[in-house]
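For reference, the structure discussed in these notes is given below.
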Amino acid sequence: MTMTTMIAPVENASVQEIERKFQKAREAFEMWRVYPLAERIRRIQLFWKELFRRKEELIQILHKETGKPMAEIQTMEIVGSQLILKYFLRNASRILRDQPAVAPWLFFNKKAYVRYIPRGVIGIITPWNFPFIIPLGDSLPALIAGNAVILKPSEWTAQTALFVERVFTSSGLFPEGLFQVLSGDGRVGEQVVEKSDMIVFTGSTQSGKKVAVKAAEQLKPFVLELGGKHPMIVLNDAPLRRTVQAAVWGGLANCGQLCVGVERIFVEKEIAQPFVEMIRKEMKLLRQNLSGEETDLGRFIFPGQMEVVQKHLEDAREKGAEVTGGEVVDEQNFLMKPAVVFPAKPEMLVMQEETFGPVLPIMAVSSAEEALYLSNSNPLGLAASIWTRDRSYAERLAYNLEAGLISINDLLSHYVICSLPFGGFKQSGFSRRHGEEGLRQFCQTQSVLIHDWPAQAGEIWWFPYQKWKTRLVSFLNRLS
Ligand code: TXE
């Protein structure tokens, strides 16, 4: 049955709708910020229960707009989001409560502490590859911290966000306008950047740079989660069975549309040939269909991505690689067979630019040092992994890997281990999401200093200056 996948970008919100929603968001923020944290948490938990009472609807909408295998919707999107929410619900009060600050002895009669003040309206702009976990993974901590949220999902996958907005609004748990979706493309995104108090952007490096420039013009804070080119460094003592399974899943999960997905494999030459054969064999076992059931691979979510991947494969062939697989099996439904590129060479597009599709380029290297050099030669630095039985060597090698997310004999799990800050080096991003800082960044830090006693006396370092006072300050300083 050849269903034709109807994929079209949603309409852009009008200027009036954008104005109205931001106005509503600001009013909602003024109310929400005074709710005690415990009450905010309680209401968000109730919303979450309501959302999962309607889980089947959510799954159907997600599958319709992404074509993902149901297994990935259930695990990567839904379980992943629940893990993130659990982390923030369990840790928010510890992370956001006032933090006492230690003052030097010279200020023995003062009280100092840090407190976290919610920022206002957080603009969250997200890509098409994870229409549920990425928007919720940022919106939930922003709301818990006391902010309002305006979410601008990708124009290619806005239905999931609109469904979440309907459930959020109809729950009756929140001030009207606290969480709103603005649909549309980059032009609406630009308006969101302009009108928000802080931006969390996830998407391509080129769009991320535009967001950064616009936010900088207004001196507003932003978080950028951009592209990745995950180098997988396989040493000759790697646990081969696990490594092969990891390479195939790490490169092809979500049909390869994963910013932390494996995009390059550097394998020591002694084991390169058997490694490639094992990869090809493992890949042949994969099932692929549009139904989402009994399958491992789905389709491209964004139509343009298949062209990018085909261009990378054509370029690899022209530069001498053998490409196993990679055939387009259904043009209308953006279905393409996964591909192995071997031998991959540094000058190939598939080794330089983000492919963001089900492709595993493999290059034999003479040493771990050569793999390290090649890994770091790319402007992107999001995720990287090392596969070897010598863990301490891997940890030393990883210190020199220019990547924000390092895995040793593992991959792809940082995002849902929410205690780990998530983000990249170099052109892969700026600032971090998740972790303690990932929650605090949705607040402004306020440092409070209070003079305790004596109520009426001035400080000895105030006017009028006198020698004995200066000497006393130096003496007290020596005690500090
Ligand atoms: O990106 P785009 P896409 C990366 C992934 C790939 C890309 C895929 O590696 O490179 O994102 O997502 C809006 N001002 N990551 O093609 O085009 C646009 O409407 C404001 C990394 O969607 O950048 C969409 O909502 N907004 C990530 C969003 O930005 C603008 C995980 C992204 O669109 C805009 C997932 C502008 N000028 C994907 N231009 C990670 N590191 O976690 C576009 N948009």
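Just so it is clear, none of the values below were taken in a lab; they were calculated from the coordinates. Not measured: the values here are computed from a predicted model. Note: ideal-geometry Cβ built from the backbone for every residue, glycine included; neighbour counts use all protein chains shown.
Per the Kirkwood formula on distinct C-alpha pairs, the Rh of region 230-416 is how many angstrom?
For region 230-416, the Kirkwood estimate is 16.3 Å.
Suppose every K and R has +1 on its Cβ and every D and E has -1 on its Cβ; what is the size of the dipole of the chain about the Cα centre, in Debye to the nearest 20?
In debye, rounded to 20, the chain gives about 2160.
Less than 14 Å Cβ to Cβ from residue 116, Lys/Arg counted +1 and Asp/Glu -1: what total charge do the surrounding residues give?
Summing Lys and Arg as +1 and Asp and Glu as -1 gives +4.
Remind me, relative contact order of the chain in percent, using alpha carbon pairs under 8 angstrom and six or more residues apart?
With pairs under 8 Å counted, the relative contact order is 19 percent.
Show me, for region 242-248, the HN-Hα J-couplings you get by feeding each phi into the Karplus relation (A = 6.51, B = -1.76, C = 1.60, θ = phi - 60°), rounded to Hz, glycine and proline as x.
Karplus-based 3J(HN,Hα) across region 242-248 equals 5, 5, 5, 5, 5, 4, 5 Hz.
What is the distance in Å between the Cα centres of region 379-423 and region 199-229?
After rounding, the separation between the Cα centres reads 23 Å.
Put +1 on the Cβ of each Lys and Arg and -1 on the Cβ of each Asp and Glu in region 288-436; which of 361, 408, 419 then has its Cα farthest toward the positive end of the dipole?
Looking along the dipole axis, the top candidate is 419.
Which residue, 79, 62, 92, has the largest displacement toward the positive end of the dipole of region 49-145 when charges sit on each Cβ (Lys, Arg +1; Asp, Glu -1)?
Result: 92.
For region 210-283, calculate the relative contact order in percent as a whole number, restricting contacts to Cα pairs under 8 Å that are 6 or more residues apart.
The value is 37 percent.
Between 15, 462, 126, whose Cα lies farthest towards the positive end of the dipole of the chain when Lys and Arg beta carbons carry +1 and Asp and Glu beta carbons carry -1, centred on the Cα centre?
462
Taking amide H positions as placed in the peptide plane 1.01 Å from N, state which residues far from residue 420 in sequence (5 or more) or on other chains have amide H under 5 Å from it.
Sorted by chain and number, the residues that satisfy this are 435.
Under the definition of Cα pairs under 8 Å and six or more residues apart, what whole-number percent is the relative contact order of region 391-480?
15 percent
If we count other beta carbons within 10 Å of each Cβ, what is the order of 315, 138, fewest first?
Fewest-to-most ranking of 315, 138: 315, 138.
Calculate for the chain the 222 nm mean residue ellipticity that helices alone would give, adding -39,500 (n - 2.57) per DSSP H run of length 4 or more and normalising by residue count, nearest 500 deg cm²/dmol.
About -13000 deg cm²/dmol.
Give the order of 214, 281, 68 when sorted by the count of other beta carbons within 10 angstrom, beginning with the fewest.
281, 214, 68
In which sequence would 342, 463, 47 go, from the one with the fewest C-beta neighbours within 10 Å to the one with the most?
By the 10 Å Cβ count, ascending: 463, 47, 342.
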